[in-house]
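Note sheet for the following structure.
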Amino acid sequence: MPDLSQHCLRLALPLSLLSLAACSPTPKPAASATPEVQVLTVRHGAVPLSVELPGRTSAYLMAEVRARVDGVILQRSYTEGADVRAGQALYQIDAAPYQAALASAEAALQKAQANLVSNNAQLERYKILIKGNAVSQQSYDNALAAQLQSAADVAAAKAAATTARINLGYTKVTAPIAGRSSVSQVTQGAYVQGGAATLLTTVQQIDPMYVDLQQSSAEGLALRQALASGALTKGGAAEASVRLKLEDGSSYAHQGTLEFSGVTVNPATGSVTLRARFPNPQHLLLPGMFVRAEIGQGVRQNTMLVPAPAITRNPQGEATVMLADASGKTQQRTVVANTLLRGQWLVESGLKDGDRVIVSGIQKLKPGIAVKVQEAPATAAAPVVAQQ
């Protein structure tokens, strides 16, 4: 039979533990910390707008070097891919047949000039003789006709000699412009034809360089309407400046200028061509490269810029922002913001100068709660760019 004292001890121990637990104080929940947020104090102002358009580079000047006479290529005088000067010799076509043709034309010219001298002398004698009726009028007329024929023969012979001299000059093929040479399409010993205008090579001037851009006709129409209504104003000299982004996403160091905007819409693409010109002293740009260009469109008046994370949408699809009022409590406000440009919303209405828009830490915020406010770091003003 178990000891009664031990049994009582076992019963008393749990009871004492329960008594201690009942007497211990209940822990209080920790006070919640005040949320910390960053705010941006917004003000109305003029916002310069730009548009980013796709395009391709093209040479400022391009000349196809073609044969202008028939003959065999005796020599290529340039290095493929090298820069050439205007007038620099590129090819030598066999000149022997053209030298002979020139010699023959010059001889024919000398013969015609000799006949002209003889006929001039005869005509002068007949002028004297006809006054004394020593020769008939018919003889005098024949002498005059012979003199005129000889003068015409001299003129024709001079033209033939000039043509022969020009053809001889064409045997030395020179660069029509200064620029970067291309691959030679013919080799030494090849037969080329002037009538077929055989292509020999191409020379392209790539400093400066053109960039041909494509803008949708709808975008261009909206821009013109905005300018006409006053929502946009022209931005002066900066409006015509163009910045370039290369294929790898890097920015091109040199600034370009807008040359012209096309007046015809491409029916296949619905776009209009714009052309800009860029300096290319390092020859970094090559013809045919795909680039993106940023072009100033004007200045949007009486608007505000708000970072994209600060704008949310309510169940009705309306844009809303969370504000921190003067007492440090949150307020939710509906705004009109329909244009997102490079990570920033253009807020057209709903905010007033001096409003403090919460730009970070808004995920768990509700209207009417106290927050700890910290001013967001200022960022340099820059043109806002729309991408197409």
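The values are calculated or read from the model by the stated rules, or taken from the named source; none is laboratory data. Keep in mind it's a predicted model, so treat the numbers as computed, not measured. Counting neighbours? That spans all protein chains shown, and the Cβs are built from the backbone with ideal geometry, glycine included.
One residue alone among ALA12, ALA30 is under 30 Å from ALA324 (Cβ atoms) and modelled with pLDDT under 55, and that residue is ALA30. Checked against (1) among the aliphatic types (A, V, I, L, M); (2) part of a loop (DSSP other than H, G, I, E, B); (3) over 30 Å from LEU286 (Cα atoms), LEU109 passes all but condition (2).
Report yes if ALA164 is outside the structural domain of GLN282 (by TED's automatic domain parsing) and either touching a Ser or Thr at 6+ places or on another chain (Cβ under 7 Å) or among the hydrophobic types (A, V, I, L, M, F, W, C) (or both), otherwise no. So ALA164 fits the description; yes.
Residue count for segment 128-143, restricted to those that are of a type in the set (A, V, I, L, M, F, W, C) and over 19 Å from SER118 (Cα atoms): 1.
When we screen GLY343, GLY298 for residues that are at pLDDT below 85, under 28 Å from the mean Cα position of the chain (by Cα) and exposed (fewer than 15 other Cβ atoms within 10 Å of the Cβ), the only hit is GLY343.
Results for (1) surrounded by 13 or more Cβ atoms within 10 Å (Cβ to Cβ); (2) among the acidic types (Asp, Glu); (3) under 57 Å from the mean Cα position of the chain (by Cα), shown as yes or no for each residue.
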{"residue": "ALA101", "(1), (2), (3)": "yes, no, yes"}
{"residue": "LEU123", "(1), (2), (3)": "yes, no, no"}
{"residue": "ILE128", "(1), (2), (3)": "no, no, no"}
{"residue": "ALA159", "(1), (2), (3)": "no, no, yes"}
{"residue": "SER181", "(1), (2), (3)": "yes, no, yes"}
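Of the candidates ALA276, ALA308, ALA337, ALA324, the single residue that is hydrophobic (A, V, I, L, M, F, W, C) and in contact with a Lys or Arg (Cβ under 6 Å, 6 or more places away or on another chain) is ALA324.
For residues in segment 265-288 being in a strand (DSSP E or B) and aliphatic (A, V, I, L, M), which is surrounded by the fewest Cβ atoms within 10 Å (Cβ to Cβ)? Going through the qualifying residues, I end up with VAL272.
In segment 302-324, the qualifying residues are those that are touching a residue at least 12 places away in the same chain (Cβ under 8 Å) and not hydrophobic (A, V, I, L, M, F, W, C), and the one that is nearest to THR41 (Cα to Cα) is PRO307. Scanning segment 183-202 for residues that are of a type in the set (A, V, I, L, M) and either over 15 Å from GLN75 (Cα atoms) or under 30 Å from the mean Cα position of the chain (by Cα) (or both) turns up VAL183, ALA196, ALA197, LEU199, LEU200. Where strands (runs of 3 or more DSSP E) sit wholly within segment 135-223, none has at least 1 residues that are free of Cβ contacts under 8 Å to residues at least 60 places away in the same chain.
Conditions tested, residue by residue: (1) over 12 Å from GLY169 (Cα atoms); (2) buried (at least 16 other Cβ atoms within 10 Å of the Cβ).
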residue	(1), (2)
ARG66	yes, yes
VAL69	no, yes
GLU80	yes, no
ASP83	yes, yes
ALA86	yes, no
LEU90	yes, yes
ALA112	yes, yes
